[in-house]
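For reference, the structure discussed in these notes is given below.
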Amino acid sequence: MGDKVVIHRYEVIIIGGGLTGLRAALQVFDAGFDVAIISKVNPLRSHSVAAQGGMNASLGNVKGPEGSIDSWKNHAYDTVKGSDYLADQDAVERMCREAPKTVIELEHMGTVWSRLENGKIAQRPFGGAGFPRTCYAADRTGHNTLNTLYEQVNARKIPIYDEFFVTSLIRDQGRCTGCTALEFLKGEIHGFVAKAVLMATGGFGRIFNKSTNALINTGDGQSLTLRAGVPLKDMEFVQFHPTTLYGTNILITEGARGEGGILLNKDGERFMERYAPDSLDLAPRDVVARSIEEEFVQKRGFKGDYVQLDIRLLGEERIMERLPGIRQISMDFAGVDPITEPIPVQPGQHYSMGGIDVDINGRTSLEGLYAAGECACVSVHGANRLGGNSLLETVVFGRLVADKIIEDVKEFATPPKKLVEKVIKTSEDHIEAIIQSKGLENQFNIKDMLNQTMTTKFGIFRKEDSMLKGLSDIKKMQEKISKVSLKNKDRKLNHALIRLLELQGMLLLSEVVAIGAIKRKESRGSHKRTDYPERDDENFLKHTLVKREEEDMIVSYSPVNLGMFEPEERVY
Ligand SMILES: Cc1cc2nc3c(=O)[nH]c(=O)nc-3n(C[C@H](O)[C@H](O)[C@H](O)COP(=O)(O)OP(=O)(O)OC[C@H]3O[C@@H](n4cnc5c(N)ncnc54)[C@H](O)[C@@H]3O)c2cc1C
């Protein structure tokens with residue numbers, strides 16, 4: 001490592017080049033501010049690119065039951081019910097009201113939405129939705145929208161520091177004044193000083209072993225924020241998607257059922273008739289995932305624990321038009337052509353409902369630090385997210401939070417540089433200690449253990465004794481990780497070093513998930529406890545907050561913002 005310290009200065013730094021980060025960057029740039037994006041991968045490799053099924057908006061282009069027309073209120077109702085009443089209704093209202101104009105804005109920027117015969121944007125039915133509300137670009141919606149925003153960012157020549165891994169936030173007397181990042185290519189730490197920092201770093205699905213998430217979804221933003229003393233919210237709520245490809249757990253979009261696909265057990269039964277007689281295969285994800293697991297328990301799954309998703313009834317033409325990516329994935333990764341055979345599927349981790357605690361404007365409790373998108377918990381998804389609402393959240397809140405940043409930055413004084421050199425030094429020392437370590441532990445074994453623990457102890461069904469064992473195992477892994485040594489001691493292009501930095505954060509997040517899950521003695525949305533099978537509004541209609549002080553995790557709760565929808569029993 002050379003002696004030279006590189007420090008960059010911007011008014012606003014955005015960490016993350018997915019849909020949230022790119023949308024926010026456009027907004028800040030167009031308001032005339034100096035902004036840069038930092039991303040650990042090229043922005044087009046962000047997990048947003050993998051989104052398949054679509055984005056919800058009550059455009060009303062396709063009629064609902066008995067010819068009825070959709071509205072933002074219907075969208076809000078479905079979202080709140082889907083969340084098992086844990087979502088903050090003011091945030092939900094905002095998102096649903098903004099949705100139609102957001103889809104059209106993307107269209108104007110260049111997104112090629114699929115069309116109806118009459119030329120309007122097509123909409124498909126999705127789980128837990130009372131209307132066909134999900135706008136899509138075949139089954140490659142994330143690819144299409146991310147490329148749209150990336151082109152816009154490039155057209156404006158907004159600086160992007162890609163393959164820069166953020167290692168810490170700078171906290172200067174109750175204010176966030178930037179971050180440090182490791183340049184992957186050269187192995188050097190850079191300092192970034194800014195008036196405002198936006199976290200747009202995505203989910204943490206990779207703490208589990210069966211996951212649809214990209215390998216980079218390690219929740220770095222959440223662990224960086226936790227270390228900076230900001231609480232995380234509702235981290236125990238983790239979504240398991242019912243249909244991931246057996247063997248690799250690549251996502252098979254809910255759009256496949258939206259288009260008419262059905263789920264079958266080994267006896268050829270359409271088993272969802274048993275669990276959700278009205279919504280059937282299009283009940284929300286938590287309900288369908290649990291139903292499939294129940295089929296496994298009752299020995300009605302196929303050997304190896306999977307069921308079949310049958311889309312043959314759609315016919316070749318429709319499959320090729322609406323679900324070409326799903327067909328390709330099934331052929332490439334399972335050797336199955338869904339035009340002629342059913343797809344083998346099983347549930348897998350898919351989405352992180354919890355995240356960085358923010359208010360409706362994306363502000364955290366630390367001045368100058370904001371969060372939006374999957375890494376944040378604003379909270380529009382509560383205990384269970386509806387499909388199609390997350391892509392929507394990224395672009396709606398990417399824009400709205402950027403607007404707040406623009407407002408705030410005008411008031412913020414230019415931060416002093418003095419602390420940044422110290423934080424760079426701390427990051428340097430941390431990395432040097434890892435490189436020099438002669439410990440005997442292997443990080444990949446620890447990662448496997450963590451994945452196994454999270455999946456078996458904090459999966460679809462949870463109960464006290466096994467969760468307590470899980471938490472104690474996580475603590476042991478936290479001890480072990482300090483004794484890892486790297487085989488590759490080079491600073492440059494060191495993948496193992498980045499994986500280890502990620503894993504250190506993942507162990508912290510897993511502890512937060514575990515604590516929240518153990519303390520929440522009820523079942524709500526994705527959090528299903530076999531020892532407390534009912535929802536308990538009297539004691540648990542509240543958000544979990546976990547904060548780190550020194551080495552301790554401090555738990556508190558905050559009220560849910562209810563609004564026009566009173567909590568009811570959730571039946572589908
Ligand atoms: C397979 C799949 C399909 C999906 N399909 C849909 C769908 O059809 N509809 C829907 O609504 N939702 C869908 N979702 C969910 C949705 O795609 C995501 O929630 C959303 O795209 C997340 O966007 P984001 O901008 O918050 O984060 P991401 O797109 O995950 O981007 C995170 C960014 O943060 C950067 N980053 C992270 N850590 C660091 C660090 N330490 N240093 C620097 N940079 C860092 C990364 O480089 C990346 O650029 C799907 C999810 C998956 C996994």
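The values are calculated or read from the model by the stated rules, or taken from the named source; none is laboratory data. Because the structure is predicted, anything quoted here is derived from the model rather than measured. FYI the Cβ positions are ideal-geometry reconstructions off the backbone, even for glycines, and counts take in every protein chain you see. When the accessible area is computed, the model is the full protein with side chains, heavy atoms only, and any ligands, DNA or RNA have been set aside. Shrake-Rupley method; radii C 1.70, N 1.55, O 1.52, S 1.80 Å.
Key figures for this structure:
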item	result
Restricting region 224-259 to residues that are among the acidic types (Asp, Glu) and buried (at least 23 other Cβ atoms within 10 Å of the Cβ), the residue that is farthest from Arg548 (Cα to Cα)	Glu254
Checking Asn209 against (1) part of a loop (DSSP other than H, G, I, E, B); (2) buried (at least 24 other Cβ atoms within 10 Å of the Cβ); (3) in contact with a strand residue (DSSP E or B) (Cβ under 9 Å, 6 or more places away or on another chain), the condition it does not meet	(2)
Number of positions in region 369-380 that are closer than 24 Å to Leu541 by Cβ, of a type outside the set (Ser, Thr, Tyr) and open to solvent by less than 10 Å² (accessible area, probe 1.4 Å)	4
Residue match in region 342-361 (condition: open to solvent by 20 Å² or more (accessible area, probe 1.4 Å), in contact with a Cys (Cβ under 9 Å, 6 or more places away or on another chain) and either among the small types (Gly, Ala, Ser) or assigned to a strand (DSSP E or B) (or both))	yes
Enumeration of residues in region 200-229 that are more than 13 Å from Asn451 (Cα to Cα) and at pLDDT below 95	none
Count - residues of region 227-282 that are in contact with a Phe, Trp or Tyr (Cβ under 7 Å, 6 or more places away or on another chain) and among the basic types (Lys, Arg)	1
Number of the exception - Thr544 against (1) open to solvent by less than 30 Å² (accessible area, probe 1.4 Å); (2) more than 20 Å from Gly355 (Cα to Cα)	(2)
Residue that is nearest to the ligand (Cβ to nearest atom), among those in region 29-57 that are farther than 30 Å from Leu245 by Cβ and surrounded by fewer than 24 Cβ atoms within 10 Å (Cβ to Cβ)	Ala36
Options Asp552, Asp465, Asp490: the member that is surrounded by fewer than 19 Cβ atoms within 10 Å (Cβ to Cβ), under 27 Å from Thr364 (Cα atoms) and outside the structural domain of Glu293 (by TED's automatic domain parsing)	Asp552
Test: residue in region 391-404 that is open to solvent by 20 Å² or more (accessible area, probe 1.4 Å), away from the ligand (no atom under 16 Å from the Cβ) and either more than 30 Å from Lys476 (Cα to Cα) or not β-branched (Val, Ile, Thr) (or both)	yes
Which numbered condition Ala413 fails, given (1) modelled with pLDDT under 95; (2) in a strand (DSSP E or B)	(2)
Only listed residue being without any contact (Cβ under 8 Å) to a residue 60 or more places away in the chain, closer than 25 Å to Thr79 by Cα and under 22 Å from the mean Cα position of the chain (by Cα), chosen from Lys521, Lys542, Lys528	Lys542
Residue in region 353-390 that is farthest from the ligand (Cβ to nearest atom), counting only those that are under 23 Å from Phe192 (Cβ atoms) and under 13 Å from the mean Cα position of the chain (by Cα)	Ile356
